[in-house]
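Each value in this text was obtained by applying a stated rule to the coordinates, not by laboratory testing. Just so we're clear, the structure is a prediction, and the values are computed from it rather than from any experiment.
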Amino acid sequence: SYTSTNLTVDQQGRITAASNGSSGGGGTVVKAEITGTTNTAVGAVYLTAGTLASIRALLGSQDPSHTATLELVRFSNGVSLTTISGAGALADLSVSSVSVPATGWYELYLKSSAAQGTALLRGLSWSS
């Protein structure tokens, strides 16, 4: 088991590799590729209540007319904490100072704006 985990997932959102991540409430998840508009779980992060989480994603899509969306959702109740979007080529987007309402796991969901579109997540880092 890992207390802080780095995960790699395949195109279907299955975990293909796991390793110890960095301590102190931060880490990375990389390399997810999802086709279609259905939210697909690509990993999870553990955040601490009362902190301001900083989330940075390398996110985009294969088609410039499509948008990739990465959503951070509370694992236990399905409440969305934040959404990050990226259109076209991969862009370094960051969301900082996201208030964390409860300590626990937050799921990461990736989807494309188009049914045949491909959303790409090539890197994600966070700290809280």
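Taking amide hydrogens as placed 1.01 Å from N in the peptide plane, the amide H of residue 117 sits under 5 Å from those of 36, each at least 5 positions away in sequence or on another chain. Working note: Karplus 6.51/-1.76/1.60 with θ = phi - 60° gives region 92-105 the couplings 7, 10, 10, 10, 10, 6, 8, 6, 8, x, 8, 5, x, 8 Hz, where Gly and Pro are set to x.
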